[in-house]
Each structure stands twice: as C-alpha cells, then as structure tokens.
Amino acid sequence: MSFRRIALLAALLAGAALALIAFPGPPEPDAATPERQGSPRAQKKVPDRYVVLFRSSVDSPAAETKKRERRDGFRARFVYRRAVEGFAATLSPGQVRRLEADPEVLSVTPDRRVAATVDLASGEPIPPPGIRRIGAATTASVREASGARVAVIDTGVDLDHPDLNAASGTNCVTPGSAGDDDNGHGTHVAGTIAGRNDGAGVTGVAPGTKVDAVKVLDGAGGGTISQVICGIDWVTATRTDGDSSNDVSVANMSLGGLGPSVQSCSTTTDAQHRAICSSTAKGVSYVVAAGNDGWDFDYAPQPDTPAAYPEVLTVAAMGDSDGAPGGAGSPPACRTGEADDRYASFSNYAATAAGQAHTIAAPGVCIRSAWPGGGYNTISGTSMATPHMAGAVALCIDENGTKGQCSGLSPGQIIQKMRNDGQSRLSSQSDYGFYGDPARPVSGKYFGYLGWGGAESVDKTAPTIASVSPSDGHTGVTPSTGVTVAFSEPMDKAAAEAAFSLVRSSDGTPVDGSFSWSNNTMTFRPGASLAENTQYTAKVGIAARDVAGNALAAERAWSFKTLVTVKASPAATAIDAGSLRSGSYSQLAADDDSYYEVNSTSGGTSSWYGRYTGVSNALKSLKVTYKGKASATCNQTLALWRWTTSSWVSLDTRSVGTSELLVEKSPTGPLADYVSGSSGDGEVRARVRCSRSSSFYNRGDLQRITYQRP
C-alpha cells in the first residue's frame, strides 16, 4: 500500500548555479488508496503559532490586537484588516486560553503549513503546447493583455524578468521587503499567466497582463496559513481602498495543504476560508490548484484547502505534449508514466458533487515557463495547470480594454461560466477533451472539463426576454408577489434594473422596491404589498443591455391584476339536526352578542350550516371563522362540505361550553372542491355540529368565510 504525502511537491533552489532538485514523484493512477486514519494525510501544524479572528463587532482590528498584546504579553506577526479581522502570533498555552475566553474573539486556530506543487525537468520548445491546447495561442497568433490585474499568491515573482509585467504587491514572508522570488515556482506561474509576446522566451495565456507578486511562501516553497491570509488580506485591500486602478480581479493560488472540514461562509471558523469568502464577496476570483497527491481533494474529514472551498475554481491537471487535441502526441518528455490528452497521474480530483461543481482541468505536465534570473524551465504539477485558467479568467473579464463575457459577473458566476465554456467546447469539438474528462470518465475520479482560453467571438447578439412572471394578463396575483424577468444571457445588471418599471395601470403611479438576481433572472420585489384588485403594468425598455453592451432586442411591457380578498357572511342557513330556537342567519354577520340559536334533538345533537353564495371556483385561499357557545358543554365540530365527494370534511373538533370560543381554520387540498360547480361562482357550506348526552341548545354569534379570488 502506498502512503499519501501531506506536503505538496516543491521546487528547491540550490547553489549559485541554480541547480534544481525534485522531490520523489507522485503516485501513479492505479496506486492503492490508503486509509486516511494514521496516514500522512494529516494537518501539519506550526508549533505555538496561531491565527486569531475577532468577531465582526470590533471597530478596529489593529487597536483590539494592541490591547491584547499589552494584556497578554505577546507580539502579533500579522494584523488582518480586510479579508478577515484578527491577527497571527506565537502564543503560549496560557495566552491561548485567555484569548479563547475573550468574548470579542471568534476563534483561535493553530497555524498550518502549506506548500507549492511542482516537479522539475528539462527544456521544451515554445510556444508552450499547453497554451495552444486551451486555445489561447496558435503557432502564429496569441491573445492580448488583459486589463484585469492578477495576483500571484506564491513564492513571489522575479520582478526583473524581461518576459513579465510584474509589480511587487506584498511580502508576507519578510514583511517590508519586495515580493521577489527566491524559489522559482511563483515566477513560473506568472509566466504561464502573462508571459510577454516579445519574440523571446515564452508566451502566456494573457501576454503582458500586469501581475502582482504576493509572496507567502519561502525559498523552499513552504509557508503557513497565517502568511497566506496575509496575502489574501492584501489582495482584498485593493478592492476596498478607493483606488480602482489597483484592483486585483483574479488571484492564482498554486499552493495548499490539509485543512479542517469545509463549512459554509457564514459558519466556518477556518480563518483561510473566511478570508477567501470575504475576498470573493469583494469581487476577487480565486483560481487554485487541486493538489498533486492523486487523491480526492474534497475528502470531507481532511480536505485539501483551499482546493475544497466551494468559492474557488479548482484546477486539476491533464497531460498534453503537442498542443493539439486527439491524443496523437508522444508521451510528455519530462516525466515517465504520463500520456498526451490523459489526466495526469499525480493530479488530485473531486469525488463529491460539491467538489465537482467548481472543478476544471488544464495542462499541467511538462510546462515550460519563466524562471528567476531571466531564464526558463519546464516543470509539472497542478500548480502549472492553475495559471492556465487564471489567465483565461482574466481574458474573460477583459482583453485589451474590451469587456469580456465575464465582466460584471460574480466570482461564483465566473466559475460556472468557465466550466460551461469547457463543456460547450467539447460539445462542439468532440476531440477537444481528454481521457478522464466527464465524457470519458475514470470511475470515482472527477477531473472536470478541459478549460477553454480561446478568443471569444465578438458578441453582437441582442439579448431577449425569455419569460416574465406574473405573465401578461394574469389575474389573481398575490399582492406580496415579486416580478421576475428571465433574460436570454448575462446582463449588465445596473442597466437592466434602470430599464425596468412597475406602475399602477390606472394612473401611472410608480412602485418602489428592490432588485435581486439569480444567474440571468432579475427579480423586482415591491417595498410594500401591492394594492388588492388593482391592475399593474411592468416594462423593460431597450436601455437594458447585456454584458457585451448589446441593447435589448425589443421593449417588453405586460400587465397583471392582483387578488381580491372577500369576507362573506351566510346568505342563508339550514338545520340538519335539531330545531330553530331563535334568530336567523343575519345574527351571524357580526360579533355583537346577537345569537342564532338552534335546539338540539332529544338525543343531544344540534347541527346547522351557513350557505355562502357567489364564491369563485378560482379562489386562491379559504378560511372559516366561527364564534359561539352552548347552553351546556358539548363536543363541537366545524366542517366544510366537499362537493366532489358529497361529504363533510372536519376542520376542527373541540369541547365548548357556556363561554364564547373563537375558531379559525382553513381546509387542505384543492380549494375548488369546496365550491359547487366546476367554473364560475358557486356555493360554500360551513357546518357547526355539537353533541352531548342530553338536550341543550347551540348559540352562534359569528360565522364568516374569508377568501381571495382573481
């Protein structure tokens, strides 16, 4: 049985000659899967180091951290202000206990180690086949730079490399220093994303795109969760500092380690997960490596993180040697046991539906890219697959100043678009995929569709409205309802909302409210319930446009009418057991202590029903109200006549006595069953029946039905 390795594979830079040493290769795809208990799949904690998160109620994370530094006698290594609020520090057991008891502290969790994921090999011709394989380049053409900035959260980036348009973001390994790369991994990632189209070196997916070096891993390719959160915090700050020119739109994280079970963003105490939840909420798309252990990254008790977080696009690796589909290429030259157009033997995969929902594949075997010192190198790993998709996401947002189809989409919507694009590409080109994709699956292992990074055709198609609700001419609309509009494609949300209106048809009075979106469907919810028995007109004008800027094909206007609520008193009564003592149906119209009284039979039963006429068969609700008492305690049943079965249906049974008792009940099942006839208006019957062992009389004060109709 082979054992799984906790550390993700890392490149080591050794000596002045920049000699590269590789760790042993990952397991082959047919390797036995070990039991996780007692296996190397266990979290590597950093002794005495912790990440502390404050509750959202604190005003200033920096001030709160200072207060606890003075109180408990420690010094924080990082203070987090944007993605999460808290700090990282070396703490004694006593300091940990005091912080855990602090009412303003949400969680105190051990810092964990993370690492990069690579194997090393020799050179390879350019342009890189992986870039060509996903459609981002041919032997004669490449894409242009994206206006969406990409952060490389990694070992840093060679800021002087001639092939890169790189800037120093932050250094969380040696704070205050530039984010230069002393390993090679981060520079390699940056080259695949954005290597320049300058006639030398290698060309990236989005050539010349600005990349920000966010150094969280050291020269050996290792780091800690506290350092990674420091990097995420910096990325998030670019979205909240008021300067839109420095906004990071995409973050590449070719790193990982084992973490705790994944919870929702609202409940998780995993500090790294909370940081990514916060950052994606600010609009940053995270593209992360699946890992190189040949196992399921979404194994619930011990998942690989950040790969298992639902908020990220997780990238598995496949092999490509010729930059073309079809599987005709020779085996990749830098690694044995791999094949052209087949899943990489070392790649992690998804094994659950939740993991599959954010998984995609990209070339990750024998990838040539930039290397520190102005050089180039060929290495393998899901770390190398990930930047292919990070570059593709950046181009989907913007290329050379032109908005792409991902512009205006949330990170979650971008995940689905990238996955859908890969699936669509395979549908239109049957050989585009690889052995191991969903069309040619490997049992129990989901690697995702091969991502597509090719140029999108210019979208000149005008969007249309697929459906609306309530529909045109609809009557009987619930006053609290919202109005939904389903568009044919992703829309510019602000423009679509501005082009929508809802007015009272009679006088044009506008209705105020708020909007929400689910994919391409917009919902307008009125601020207050609409008026009953009133017609409204909704409209979407041609100022609505899609994310490519195309105006709506045609204006759409439609009308609907709200329900009417009717409160009805009996038009007549009938006695089916006993005799009239006094009064008539008119006494049942109001709660005024004026009674309709029915004597019981000698056997002790009093039974009568109210008859309600003019009730619509299209009624939307029905409720029966009865208030009454008896001259002696009896067992009372309130029932409705069901015309379809010619039987009484009990709504309520209880004991009543000499004090008035109010009962309000609604029937179950089709409401029209309780109305005579099959269309139009009919009759409803509501019966009050009371029994005891001796004679008495029943006294009804109020009987009423309330229903809604079109």
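The values are calculated or read from the model by the stated rules, or taken from the named source; none is laboratory data. These figures come from a predicted structure and were not determined experimentally. FYI the Cβ positions are ideal-geometry reconstructions off the backbone, even for glycines, and counts take in every protein chain you see.
Quick notes
- Unique residue being in a strand (DSSP E or B) and in contact with an Asp or Glu (Cβ under 8 Å, 6 or more places away or on another chain) when the list is G291, G257: G257
- Any hit, segment 588-596, residues being outside any loop (DSSP other than H, G, I, E, B) and over 30 Å from V483 (Cβ atoms): yes
- When S427 is tested against the conditions (1) buried (at least 18 other Cβ atoms within 10 Å of the Cβ); (2) closer than 21 Å to G319 by Cα, the lone failure is (1).
- Where strands (runs of 3 or more DSSP E) sit wholly within segment 462-522, those with at least 1 residues that are touching a residue at least 12 places away in the same chain (Cβ under 8 Å), loosely packed, with under 12 Cβ neighbours inside 10 Å and not charged (D, E, K, R) occupy 465-469, 513-518.
- Given (1) under 20 Å from T224 (Cβ atoms); (2) at pLDDT 90 or above, number of the condition R70 does not satisfy: (1)
- Any chance A686 is closer than 24 Å to V477 by Cβ and surrounded by 14 or more Cβ atoms within 10 Å (Cβ to Cβ): no
- Every pair of residues 6+ apart whose Cβ atoms lie under 7 Å, when the first sits in segment 682-703 and is more than 18 Å from S582 (Cα to Cα) and touching a residue at least 40 places away in the same chain (Cβ under 8 Å) while the second is among the charged types (D, E, K, R) and part of a strand (DSSP E or B): E683/R611; R685/R611
- Residue within segment 308-318 that is over 11 Å from T382 (Cα atoms), assigned to a strand (DSSP E or B) and either free of Cβ contacts under 8 Å to residues at least 60 places away in the same chain or assigned by TED's automatic domain parsing to the domain that holds S430 (or both) present: yes
- Out of V566, V598, sole residue that is surrounded by 13 or more Cβ atoms within 10 Å (Cβ to Cβ), of a type outside the set (S, T, Y), under 30 Å from S695 (Cα atoms) and more than 29 Å from the chain's Cα centre (by Cα): V598
- Of the residues screened, A557 is not one that is part of a strand (DSSP E or B) and buried (at least 19 other Cβ atoms within 10 Å of the Cβ).
- Of all residues in segment 327-360 being in contact (Cβ under 8 Å) with a residue 12 or more places away in the chain and within 16 Å of the chain's Cα centre (by Cα), the one that is surrounded by the fewest Cβ atoms within 10 Å (Cβ to Cβ): A354
- Flag if G453 is modelled with pLDDT under 95, within 24 Å of the chain's Cα centre (by Cα) and under 30 Å from T192 (Cα atoms): yes
- The one condition in (1) surrounded by 14 or more Cβ atoms within 10 Å (Cβ to Cβ); (2) at pLDDT 50 or above that F23 fails to fulfil: (2)
- Tally of residues being part of a helix (DSSP H, G or I) and among the hydroxyl-bearing types (S, T, Y) across segment 47-77: 1
- Options S427, S407, S369: the member that is in contact with a helix residue (DSSP H, G or I) (Cβ under 7 Å, 6 or more places away or on another chain) and farther than 16 Å from I193 by Cβ: S407
- Flag if G283 is of a type outside the set (K, R), on the phi > 0 side of the Ramachandran plot and at pLDDT below 95: no
- Some residue of segment 678-687 being farther than 21 Å from A572 by Cα and not assigned by TED's automatic domain parsing to the domain that holds T478: yes
- Residue in segment 318-326 that is at pLDDT 95 or above and surrounded by fewer than 19 Cβ atoms within 10 Å (Cβ to Cβ) present: no
- Elements of type strands (runs of 3 or more DSSP E) contained in segment 130-236, each with 3 or more residues being small (G, A, S): 166-171
- Of Y674, Y585, all but one fail to be within 46 Å of the chain's Cα centre (by Cα), without any contact (Cβ under 8 Å) to a residue 60 or more places away in the chain and buried (at least 18 other Cβ atoms within 10 Å of the Cβ); the exception is Y674.
- If you filter segment 130-159 down to residues that are surrounded by fewer than 24 Cβ atoms within 10 Å (Cβ to Cβ), of a type outside the set (S, T, N, Q) and out of contact with any strand residue (DSSP E or B) (no Cβ under 6 Å at 6 or more places or on another chain), you find that the one that is farthest from V393 (Cα to Cα) is A140.
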